[in-house]
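Nothing in this text is a laboratory measurement; each read-out follows from the coordinates by a stated rule. Predicted, not measured: the structure shown is a model, and the values here were computed from it. Here Cβ is always computed from backbone atoms with ideal geometry, including for glycine, and neighbour counts include all displayed protein chains.
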Amino acid sequence: MKINHLGIATKSIDEALRFWEDALGLENVHTETVEDQKVRVAMLPLGESRIELLEPTSDDSPISKFIEKRGGGIHHIAVEIEDVEASLKILKNKGLRLIDESPRIGAEGCLVAFIHPSSANGVLLELVQSKKD
């Protein structure tokens with residue numbers, strides 16, 4: 001396992017990039033809209049991991065709700081694993097509260113699933129299974 005990315009909620013990816021690209025020198029290598037999650041994402045490699053900037057695309061987006069409650073900032077930690085479906089079964093059997101009982105398609109076509117913060121010491125945890133080529 002490794003940290004795949006840190007998800008950071010922002011009102012505007014373009015504004016956030018002024019810091020991440022201009023101040024820190026990171027490069028936005030991929031931007032896409034994930035319609036299912038009502039979010040636009042930008043990926044910026046940072047060592048073996050990445051920063052994922054998350055901009056809501058509608059008022060009812062989970063990111064909009066997060067920003068309303070807490071403002072911008074770290075939204076989730078994503079851990080890369082081999083098999084999301086198998087991991088979800090194990091976690092459910094251990095009594096963890098899952099947001100996703102089965103994986104869904106996330107950014108870059110990866111399979112993703114979220115674990116509720118109440119089961120992860122207050123942290124929203126995303127499981128990511130990289131897309132097989």
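Once you reduce segment 26-64 and segment 6-22 to the center of their Cα atoms, the two points are 9 Å from each other. Taking every DSSP helix (H) stretch of at least 4 residues in the chain, weighting each as -39,500 (n - 2.57) and dividing the sum by the residue count yields a mean residue ellipticity at 222 nm of -5000 deg cm²/dmol. The Rg/Rh ratio of the chain, with Rg taken over Cα atoms and Rh as the Kirkwood radius over Cα pairs, comes to 0.96. If the chain linking ASP14 and GLU82 were pulled fully straight, counting 0.36 nm for each residue of separation and taking away their Cα-Cα distance, it would gain 21.2 nm.
Working from Cα positions, state the angle (0 to 90°, nearest 10) between the long axis of helix 84-93 and the longest principal axis of the chain. Compared with the principal axis, the helix lies near 60 degrees. For the pair LEU24 and ALA120, label points projected 7 Å from Cα toward Cβ lie 1.9 nm apart.
Note on MET1 and LYS38: the model spin-label points, each 7 Å out from Cα along the C-beta direction, lie 3.0 nm apart.
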